[in-house]
Amino acid sequence: MKEVSVVSQVVTPSPIREMFNRAMGMEGVVSFTVGEPDFLTPDHIVEAAVAALRRGEHKYTPNAGILPLRQAIARRTSETHRLEYDPAEEIIVTAGGIEALLLAMMTILNPGDEVILSDPSWTNYSRQALICSAAPRFVQVDAAHNFLFAPEALEAAITEKTKAVVINSPANPTGGIAGREALERLAGIIMRHDLWVISDEVYRELVYDGNEAFSMAMLPGMRERTVVVNSFSKTYAMTGWRVGYALGPACIIGNMVKLQENVAACVNSAAQYGALAALEGPREPVDRMVRAYGRRRQMILDGFASIPGLACYTPQGAFYAFVDISATGMKAGAFAMDLLEKARVIVVPGHAFGDASDKYVRLSFATSEENILEGIARIRKYMQER
Ligand SMILES: Cc1ncc(COP(=O)(O)O)c(C=O)c1O
């Protein structure tokens, strides 16, 4: 039998899966692993999708997505980013943010090109780069810079093969947000080296303490070299619906639409009508979920403040707590395994997000307040007894 492709072999399963497998079959485990809202999708969205099915929206849609949804995305982005995008040529609806990211990389990257990612960053970026036969190049980021690239470090990582930089704000796994001034410093470098930016903004609306996420696309000269990726998954508790989108210059989006024709053809039609209702309907359900995440975040921060030896970075957005465990003297993988075995708590070891992030573990606080209280109590006891 001939071997399967190189691409299918170099793309390895995420280490997050390993933790799940270990925990399977264990009784009474408190899990902080899952990066998805524990809320149900708001009713008006569900009803809009059901109504679409009932009135016969059963066919393929345009590859770029239904026009009313692209128009609603344009209107919303005009409010949030103060940028105008043409629904006909500059917006594509995708199967979640993840497909938008992959199509963007497939459009931008040639085999052998390099794409710059932060360490830590969301596990899937590097694998998507590998699917494109491109090379992920990691730049270590730290809490002092809100886990955004330090300008000198970014510039030092750029080679003649570098084609793009991925910026994720608010970030998974850290909850860090990139402010306008920090992005301005990076934009100068990016323009000087003529790079593309993939700006992953899927957590844009989940922000705390009055923080606001800024977008690279909003800076002068950057809209034309930035692909903005967003999603309905996190904001509207719609992970299973698989609807996301990208906005960018027509030369990029047009090619993404061409690729889409050969990948998924289009996003599920009823789900697109649900997404349309999400944008056009009341904001109250989103505000309610954000307030709930805000309370849980505070519980996590208060909890870790009372546990000597563990330092939790204050997340400004998303729903993740990134905890520095270096005072324990353990690597993240060993710490996570030990915590699971002795305290029955699952966290994600930092090496899932990059080799240099081995001194951190990630906890998702998209889980109930009871789980958070119980989990924190167990972690505290574990730390006292170790
Ligand atoms: C940083 C980041 N980007 C993109 C996604 C993709 O989400 P979806 O494909 O559900 O929109 C996720 C999901 O966890 C994420 O954490």
Give me the lysines in straight-line cross-link reach of Lys161: C-alpha distance below 17 Å, same-chain residues under 8 apart excluded. none
With the dipole of the chain defined by +1 on each Lys or Arg Cβ and -1 on each Asp or Glu Cβ, the option from Val228, Pro68, Gln140 whose Cα lies farthest towards the positive pole is Pro68
Against the longest principal axis of the chain, how steep is helix 180-192, in degrees 0 to 90 to the nearest 10, with axes from Cα atoms? 60 degrees
Over all alpha-carbon pairs of the chain, lay out the pair-distance distribution in 10 Å bins, whole %, shortest bin first. 5, 23, 32, 26, 12, 2, 0
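Quick one: Lys2, Lys163, Lys331, fewest Cβ neighbours within 10 Å first, how do they rank? Working shown, then result.
On the way: Lys2 4, Lys163 19, Lys331 16.
Taking fewest neighbouring Cβ atoms as first place, the list is Lys2, Lys331, Lys163.
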So if I place +1 on the C-beta of Lys and Arg and -1 on the C-beta of Asp and Glu, and nothing else carries charge, what would the dipole magnitude of the chain be about its Cα centre? I want it in debye, nearest 20. 480 debye
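Could you work out the longest stretch of the chain that avoids the GluC sites (Glu not before Pro) located in DSSP loops with at most 13 other Cβ atoms within 10 Å? Provide the component values of the computation, followed by the final result.
Values: sites that count: Glu3, Glu27, Glu84, Glu160, Glu212.
The longest such stretch corresponds to 213-386.
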Angle, helix 332-343 long axis vs. longest principal axis of the chain, Cα atoms, 0 to 90°, nearest 10? 60 degrees
From the backbone phi of region 66-75, what are the Karplus-calculated ³J(HN,Hα) couplings (6.51 cos²θ - 1.76 cosθ + 1.60, θ = phi - 60°) in whole Hz, Gly and Pro given as x? 5, 4, x, 6, 5, 5, 5, 5, 4, 5
Each label sits 7 Å from Cα toward the beta-carbon; between Arg76 and Arg192 the label points are separated, in nm, by 3.7 nm
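None of the figures in this text is laboratory data; all of them are computed from the coordinates on show. On a predicted model such as this, the values are computed, not experimentally measured, just so you know. Methodologically, a virtual Cβ is constructed for each residue, glycine included, from the backbone with ideal geometry; neighbour enumeration extends over all protein chains shown.
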